[in-house]
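A quick write-up on the structure given underneath.
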């Protein structure tokens, strides 16, 4: 009797322990097996990304590679979940074969030991005349580790009606002439302020144009392990101060309510006076994903559709982008490389991607389990000059071109792309630049001096990068 | 077959907890301690032991001391009023003479904020107090302010908001714990006290307080541990870096920043964690020591 009780007790404990360990893991391993009606054994390629964009290409890839099963995992990036998950998996057996890397952190992975050398794909990049900054971002010490399918040159969008009112013309060529460098941009901001009686701001937030100065530095942030401040950064601080002190900016915050309200002309100050924003600095993806969807107010009463135009702006820059790399530990190196070649360096795929061939019906025909909202609308700006030149004309009549008052959106970006330079990009850029935000704002508000601002910034950088030399 | 003596079955039953604790509790702590003596980053596979370098860096760094100071300030500023209000409410709610109606409803309403996600609460306050937000609109349009203020750029206001949110989210929880402790006290003690002519304040000091001391210690220590690890509200309310001017930079945000920098300095981050761990442990032990049951010893001395 006693022995039986003992045995039962052992069983109970065992089941508790096993039960506790078993449950969370179960759905992860069960799910793919259950849904795949496999007749022959397919090779599995694990791809991780932070949006569902690349899933479209993964499905298209399965069409030309029928014996491959791309297992696509999407982890959102809203609060850095993707980066955290990826960091936690590094060096374990759970690493995916192919990873998507966003502009803010692609460089730290490229500089690390975790990505494989995929330099044999460079010949395809040369063939398709990829914009240099697209593959330069994926390079560390001369080794190619990541490629991107899109190029994300930045541009300046402005309101045609306001341009006519204050400058007498809305012609992109003439406006580019007027805003061709930052001294001109500042002078134009003064004109707008005077003629509008302070009711139209040149720009919504000073965060909009800080990128431009960073993109045009001559030295990177870190030179030989030492924190370095390029004169361009000082120029940025100076310019931002001018914009704040003279009221050229609406003091909104990027990605917040006021910033979006300016896009559909519903911005009002706290007292209820309507305010207008003349221009927004946005890259290629900013047009379809940010400006276009926010150009009509939520009640539909106010819209700025058709009232926009795009120019290169005062300085060339690039913003964002998604790169693809192969993890060193992958067991399917050749297949992973082939996947990256297909996604980023394949003329047919890039053309299909940019011209709206990948509709939901198209994807459903390959894989019926694709969700309803999975498709790629026309208009993403791809990284290959060969493709861009071939397809630009096809956008003359597009929805985005109508949005820009008839101006070909693709053409605008094609003009801006070749002058972008990303050679200075480093893994630590994002953190170093974000560390400057708070001290810079305190300086703008006048609560600290500029010297104090630099000291605070250096303290913050030192806190995050213990091995950096900071003077 | 494994034979167990009768008195050994107990070990079997506690085994799941012990195993869980060793794997998910003790191992991470030990690992954190080991990591804090290395320069390990997540972005490279090689690392070396660097002795106390991480700790030297920390104490030489004003950001770290600011974070410690902030954490203490934010915790004390919300804990003291939280205890005050919780005491007042729980005394009212459990008072036999007042016999308040709808205690259950009030208790639920006060507990509600605790059920909301910290991210939702932070987002709510963020939108309310933003430059183009409703608080500015209300104040300017009603003439109380001449022009809009960027509330979330004012250190004192941002700190006040964090303290208020923490207080607002947690006083209901504390009230419920105190009420539970107070209702557990036998009414006959109070009846006897009334017969002996004790007043309300005397009864509170001589009966209620001593008898709820174990619960008080529990509240104090759990709140201390929670306060020292304050993260979500200050992280989400502004830029996730404790701005403006590091005014709401807490220990855990500081640790997270080190972990989350482009290289993922987990060695340096672990050092922050270890210092906070030691600090919290020392203070918690001090609380236990100061509030220990003293009359046992005096009873022995009397014997």
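The table below lists the values:
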read-out: Boolean, residue B:4 is assigned to a loop (DSSP other than H, G, I, E, B), free of Cβ contacts under 8 Å to residues at least 40 places away in the same chain, surrounded by 13 or more Cβ atoms within 10 Å (Cβ to Cβ) and within 14 Å of another protein chain (Cβ to nearest Cβ); value: yes
read-out: Of the criteria (1) within 12 Å of chain A (Cβ to nearest Cβ); (2) part of a loop (DSSP other than H, G, I, E, B); (3) surrounded by 16 or more Cβ atoms within 10 Å (Cβ to Cβ), which one residue B:239 fails; value: (3)
read-out: Positions within the range A:254-268 being crowded, with 22+ Cβ neighbours inside 10 Å, in contact with a helix residue (DSSP H, G or I) (Cβ under 7 Å, 6 or more places away or on another chain) and within 13 Å of another protein chain (Cβ to nearest Cβ), in sequence order; value: A:267
read-out: Qualifying helices (runs of 4 or more DSSP H) (wholly inside the range B:90-174; at least 1 residues being under 24 Å from residue B:234 (Cα atoms) and within 14 Å of chain A (Cβ to nearest Cβ)); value: B:118-129, B:134-141
read-out: Selection status of residue A:214, on the phi < 0 side of the Ramachandran plot, in the same structural domain as residue A:263 (by TED's automatic domain parsing) and at pLDDT below 95; value: yes
read-out: Qualifying residue in the range A:331-338 (condition: farther than 23 Å from residue A:64 by Cβ and assigned to a loop (DSSP other than H, G, I, E, B)); value: no
read-out: Qualifying residue in the range A:432-446 (condition: outside the structural domain of residue A:138 (by TED's automatic domain parsing), crowded, with 18+ Cβ neighbours inside 10 Å and assigned to a loop (DSSP other than H, G, I, E, B)); value: no
read-out: Any chance residue B:245 is in a helix (DSSP H, G or I), surrounded by 12 or more Cβ atoms within 10 Å (Cβ to Cβ), over 21 Å from the mean Cα position of the chain (by Cα) and within 14 Å of chain A (Cβ to nearest Cβ); value: no
read-out: Out of B:20, B:84, B:10, sole residue that is without any contact (Cβ under 8 Å) to a residue 24 or more places away in the chain and touching a helix residue (DSSP H, G or I) at 6+ places or on another chain (Cβ under 8 Å); value: B:20
read-out: Only listed residue being surrounded by fewer than 18 Cβ atoms within 10 Å (Cβ to Cβ) and either under 21 Å from the mean Cα position of the chain (by Cα) or touching a residue at least 12 places away in the same chain (Cβ under 8 Å) (or both), chosen from A:347, A:397; value: A:347
read-out: Hits in the range A:420-431 - residues which are within 14 Å of chain B (Cβ to nearest Cβ), buried (at least 21 other Cβ atoms within 10 Å of the Cβ) and in a loop (DSSP other than H, G, I, E, B); value: A:425, A:427, A:428
read-out: Among residues of the range A:259-276, those that are outside any loop (DSSP other than H, G, I, E, B) and more than 23 Å from the chain's Cα centre (by Cα), counted; value: 3
read-out: Residue A:388 vs. criteria within 14 Å of another protein chain (Cβ to nearest Cβ), touching a strand residue (DSSP E or B) at 6+ places or on another chain (Cβ under 8 Å) and assigned to a helix (DSSP H, G or I); value: no
read-out: The range A:179-195 - residue that is farther than 16 Å from residue A:238 by Cβ and out of contact with any helix residue (DSSP H, G or I) (no Cβ under 7 Å at 6 or more places or on another chain) and, of those, surrounded by the most Cβ atoms within 10 Å (Cβ to Cβ); value: A:193
read-out: One residue from B:223, B:270 being more than 10 Å from chain A (Cβ to nearest Cβ), under 27 Å from residue A:102 (Cβ atoms) and either in a helix (DSSP H, G or I) or at pLDDT 90 or above (or both); value: B:270
read-out: Those residues of the range A:217-253 which are within 14 Å of chain B (Cβ to nearest Cβ), surrounded by fewer than 14 Cβ atoms within 10 Å (Cβ to Cβ) and closer than 28 Å to residue A:428 by Cβ, in sequence order; value: A:225
read-out: Residue match in the range A:411-419 (condition: buried (at least 18 other Cβ atoms within 10 Å of the Cβ), part of a helix (DSSP H, G or I), touching a helix residue (DSSP H, G or I) at 6+ places or on another chain (Cβ under 7 Å) and at the interface with chain B (Cβ under 9 Å from one of its Cβ atoms)); value: no
read-out: Some residue of the range B:278-295 being within 14 Å of chain A (Cβ to nearest Cβ) and in contact with a helix residue (DSSP H, G or I) (Cβ under 6 Å, 6 or more places away or on another chain); value: no
read-out: Every residue from the range A:97-122 that is more than 14 Å from chain B (Cβ to nearest Cβ) and out of contact with any helix residue (DSSP H, G or I) (no Cβ under 9 Å at 6 or more places or on another chain); value: A:117, A:119
read-out: Of residues in the range B:18-55 being part of a helix (DSSP H, G or I) and at the interface with another protein chain (Cβ under 10 Å from one of its Cβ atoms), the one nearest to residue B:268 (Cα to Cα); value: B:54
read-out: Meets criteria (within 14 Å of chain B (Cβ to nearest Cβ) and either surrounded by 21 or more Cβ atoms within 10 Å (Cβ to Cβ) or at pLDDT 95 or above (or both)) for residue A:271; value: no
read-out: Wholly within the range A:128-205, helices (runs of 4 or more DSSP H) carrying at least 3 residues that are modelled with pLDDT under 95 and not assigned by TED's automatic domain parsing to the domain that holds residue A:242; value: A:132-136
read-out: Verdict on residue A:375 being buried (at least 18 other Cβ atoms within 10 Å of the Cβ) and more than 14 Å from chain B (Cβ to nearest Cβ); value: no
read-out: Only one of B:230, B:203, B:255 that is crowded, with 19+ Cβ neighbours inside 10 Å and either part of a helix (DSSP H, G or I) or within 14 Å of another protein chain (Cβ to nearest Cβ) (or both); value: B:255
read-out: Test: residue A:459 is over 17 Å from residue B:258 (Cβ atoms), more than 23 Å from the chain's Cα centre (by Cα) and outside any loop (DSSP other than H, G, I, E, B); value: no
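The values are calculated or read from the model by the stated rules, or taken from the named source; none is laboratory data. What you are looking at is a predicted structure, and each value in this text was computed from that prediction instead of being measured. Positions of Cβ are backbone-derived with ideal geometry, glycine not excepted, and every protein chain shown enters the neighbour counts.
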